[in-house]
Each structure stands twice: as C-alpha cells, then as structure tokens.
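Structure first, then comments.
Coordinate-derived values only; no laboratory data. On a predicted model such as this, the values are computed, not experimentally measured, just so you know. Positions of Cβ are backbone-derived with ideal geometry, glycine not excepted, and every protein chain shown enters the neighbour counts.
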Amino acid sequence: MVSFWKQIQQLQWDDHRYYHQCRINQTLHLVSACSFLVAYALLFVDPASAGIVGWAVGMVTRQSGHIFFEPRGYDHINDTSYAHKEDIKVGFNMRRKAILIAVWLSLPVLLALSPSLLGLIAPAVGVAGYLHDVGLMWLALGVGGLLFRTLHLFFIRSPSWGLAWACKILLDPFHNVQIYWASPIALLRGQRLDPLKDGQH
C-alpha cells in the first residue's frame, strides 16, 4: 500500500512540474477542481447534472489552461522539450485529449439528430429532457475514458500503474485545491510562472 501511494504521489508530482507551470493554468485548475467537487456531490442526487457540471465547467476550464496558457517551448526547469513531455505523459496528452474533446462535442449533436440514439434509449421530451440525456452521455464518456486509459496502462505499463493513475485522476480535485489555492494570489501579484525547483515536492 505504501508503494502504491508513492506511485500516486509520483504521478501527481510529475503532472504538476511538467504540465502546470503557468499560474493562469493553475488558477483555472483551481476553478475546475471546485466544480468537480460539486459534480462529485451531485453524483449522489442528480448524475446528469454532475455530468454537465463536470464537463461544461470542470473540463472546459481545465483544458483551456493547458491549450491556451501552458508554455510549449523548451522546459528549462526540467531540462526537457515539450515534445518529450507529450511522449511520456501517462494520462491524456494533447493528441488523446483532442480525440476525447471531439467525442464530447459530438454527443450533443448526435442526440439532437437522433434523440433515441438509433433506438437505444427513450427519446427525450423537451429541452430539459435533452439536457438530461446530454448530461448522462457526458458522464458515461468520462467514466468510459477513465476505464479505457486505465486498462490501456495495464498493458503498456502495469496494473499497479494503471490503478495508480485512475486514483490520481479521481483525487485530482482534492489535490488541485490543496496545491493551487494560492495561485490566484500569486497571479494577481504578477507572477505568471510558478518558480518550481527541481525535486520540490
């Protein structure tokens, strides 16, 4: 169990130092983390709303930080190139994220064109019913994406690393609040990049 927790901590540290150096990205991750915590709570009372909050707020803010603000030049702090960081990323790198986002955006269109999903579900009634179905589809996509990458890691790395990554993803909202709560303050003080130091945990 100690070794498994160390795997999670290593994944968290690598994720932070490689992919979250920009204070704007960190701040957006803080907003995202708070929305995901709301989504976690909604899972118990309204799963469809959880899916909408998680994707429309949590994922949009989270991925906007990566796409628009995170530096893509040479990483002098970690002495590595952006291309190398993309190659070694355990979870969803930008290429895999692009596929996931494309599927996410296509689902509402698919439901609008075929409310019954070609006869697989009962057609929604009205806008509220449509949004309910979209939320459930987005929730299923999130769960499916997590399970798919976890199983993929089982084979390309090991079952323990796959499970560690899945746990890391589920713990991200709590961990992001813990490490990024002060990022908006640093940003307001004019600090665009986190002054990370090699080996800092």
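So here's what we get for this one:
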| read-out | value |
| --- | --- |
| Region 145-194 - Rg over Rh from alpha carbon coordinates, Kirkwood radius | 1.24 |
| Pairs of lysines in the chain (C-alpha under 15 Å apart; 8 or more residues apart or interchain) | 4 |
| Label-point gap, in nm, between Ser160 and Phe44 - each point 7 angstrom along Cα→Cβ | 3.3 |
| Whether region 1-53 is rounded, prolate or oblate, judged on the alpha carbon gyration tensor where a/c under 1.5 counts as rounded | oblate |
| Unit Cα scatterers, Debye sum, region 1-91: log10 I(q)/I(0) for q = 0.16, 0.23 Å⁻¹ | -0.77, -1.10 |
| Computed P(r) (all Cα pairs; the chain; 5 Å bins; percent) | 1, 7, 13, 18, 19, 17, 11, 7, 4, 2, 1, 0 |
